[in-house]
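Chemist: Structure provided below as structure tokens; questions to follow.
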């Protein structure tokens with residue numbers, strides 16, 4: 001009797017196994033997964049974006065398609081360009097990247113993970129140097145589009161988005177107090193939000209000894225370079241101006257000032273001469289924020305109406321004790337929207353298109369000679385400088401201080 005019952009249980013197990021069972025490869029696939037290794041560094045499956053500088057030579061990036069663990073079956077994977085991935089990024093970040101044209105990129109689109117292996121042969125993505133004559137921004141969005149085999153994707157690591165930067169290389173305009181210039185725009189431009197951004201370098205052109213530059217007792221030295229109240233650039237009532245001392249009285253500060261009603265917002269101290277800085281001020285309708293080299297520095301609440309109708313270069317107190325202040329400018333941009341930190345970082349080291357959405361003033365300052373700074377935005381507010389400006393050497397704005 002017991003033998004009969006035991007036999008029934010054996011038969012039942014055999015039946016269940018035949019109905020619901022699977023081979024060894026399928027069993028392992030239940031807790032297995034496929035992913036792009038470079039999209040999941042240190043097994044963190046949420047890092048599917050990388051910024052890549054493309055300068056003078058080819059760049060090769062690797063993509064490794066792999067499994068969590070090997071199975072006894074071939075897995076064939078197809079990779080391709082994914083326009084939707086890029087569209088989603090542009091929408092989230094208020095960006096305007098385009099897919100890099102095919103002649104400047106190449107990669108193997110089909111790879112196989114051989115049975116018993118955990119990864120396929122490495123895919124080499126080769127990116128060739130390209131030009132962006134109209135300030136185009138390029139990217140390469142790659143996604144796993146199909147998988148042949150009993151395996152599923154692991155997390156979100158089925159794609160990689162490469163944001164490409166081709167560095168802006170240009171000469172810069174050099175201004176002293178003899179070049180102080182104001183321009184009135186052709187039309188007043190009312191805005192609800194705005195961004196002002198530019199590259200600026202304050203030169204120690206008189207070759208002061210900077211030993212002891214920082215400190216309570218050395219304002220006199222700093223003031224010969226960063227003159228109190230000097231405003232390299234200002235728009236209407238918007239006046240970013242330098243002071244040789246900040247609150248701590250140990251180094252220069254950049255103060256954002258407006259009148260009616262009065263508003264002052266001081267940056268952190270420690271601005272050094274002969275160093276390029278990217279400076280961006282944004283206004284979102286409720287607060288003004290300063291970004292220094294793409295990183296938030298300080299912000300302060302404010303609500304008021306704004307309209308842009310004029311711009312001044314080399315304004316304020318641009319001389320002290322018989323010495324002129326000297327600054328270099330590149331890539332002055334005026335926007336009628338509040339750029340996100342990502343948008344500022346994406347665009348700061350490259351040229352952009354003059355037709356970019358929201359751009360209402362764009363002075364590249366890259367002419368290299370003469371006294372006219374062309375406005376590349378649709379508004380065409382070219383600037384004819386007073387006096388005869390100097391022009392710098394060629395800078396690479398991916399690393400302008402090298």
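Quick note: the coordinates plus some simple rules give every number you see, no bench work behind them. Bear in mind that the values here come from a model prediction, so they are computed numbers and not experimental data. Cβ atoms come from the backbone with ideal geometry, glycine included; neighbour counts cover every protein chain shown.
Chemist: In whole Å, what are the Cα extents of segment 79-136 along the three principal axes, biggest one first?
Modeler: 48, 27, 12
Chemist: Output the 0 to 90 degree angle, nearest 10, between the alpha-carbon long axis of helix 2-20 and the longest principal axis computed from the alpha carbons of the chain.
Modeler: Result, in degrees: 40.
Chemist: While we're looking at this one, here's another question. When ranked by the protection proxy of mean other Cβ atoms within 10 Å per residue, highest first, what sequence do the peptides 243-252, 87-96 form?
Modeler: Averaged packing, sorted descending, gives the order 243-252, 87-96.
Chemist: Pop out the Kirkwood hydrodynamic radius of segment 59-108 from its pairwise C-alpha distances, inverse of mean 1/r, in Å to one decimal.
Modeler: Across segment 59-108, the inverse of the average 1/r is 14.1 Å.
Chemist: How high is the relative contact order of the chain, in percent, counting Cα pairs under 8 Å that sit 6 or more residues apart?
Modeler: Dividing the mean separation by the residue count of the chain yields 18 percent.
Chemist: For segment 146-287, max minus min Cα coordinate along each principal axis, in Å, sorted largest first?
Modeler: Between the extreme Cα coordinates on each principal axis of segment 146-287 lie 74, 45, 33 Å.
Chemist: Can you give the extra length, in nm with one decimal, that the chain gains between residue 299 and residue 394 once fully stretched, where that is 0.36 nm per residue apart less the Cα-Cα distance?
Modeler: 30.9 nm
Chemist: For segment 28-165, report the translational diffusion coefficient in µm²/s to the nearest whole number, using Stokes-Einstein at 37 °C, 0.692 mPa s, and a Kirkwood Rh over Cα pairs.
Modeler: 209
Chemist: Return an integer: the convex hull volume of the alpha-carbon atoms of segment 169-396, in Å³ per residue.
Modeler: 117
Chemist: For the chain, take the convex hull of the Cα atoms, compute a quarter of its surface area, and give me that in nm², please.
Modeler: So the mean shadow area of the Cα hull is 28.6 nm².
Chemist: While we're looking at this one, here's another question. Nearest 5 percent is fine: what portion of the DSSP beta bridges confined to segment 28-165 is antiparallel?
Modeler: 75
Chemist: If you average 1/r over all unlike Cα pairs in segment 299-402 and invert the result, what Kirkwood radius do you get in angstrom?
Modeler: 16.1
Chemist: Distance from the Cα centre of segment 115-149 to that of segment 179-246, in angstrom?
Modeler: Comparing the Cα centres of segment 115-149 and segment 179-246, I get a distance of 44 Å.
Chemist: Also, quick follow-up: For segment 260-307, with equal point scatterers placed on the C-alpha atoms only and solvent neglected, what are the log10 I(q)/I(0) values from the Debye formula at q = 0.29 1/Å, to two decimals?
Modeler: One equal scatterer on each Cα of segment 260-307 leads to -1.18.
Chemist: How much FRET efficiency would the formula 1/(1 + (r/R0)^6) give for residue 74 and residue 357, where r is the Cβ-Cβ distance and R0 is 41 Å, rounded to 0.05?
Modeler: Taking R0 as 41 Å, the efficiency between residue 74 and residue 357 is 0.30.
Chemist: What FRET efficiency do you get for residue 152 and residue 340 if R0 is 25 Å and r is their Cβ-Cβ distance, rounded to the nearest 0.05?
Modeler: 0.15
Chemist: Please determine, in degrees from 0 to 90 and to the nearest 10, the orientation of helix 83-93 with respect to the longest principal axis defined by the Cα atoms of the chain, where the helix direction is its Cα long axis.
Modeler: For 83-93 against the chain, the angle is about 40 degrees.
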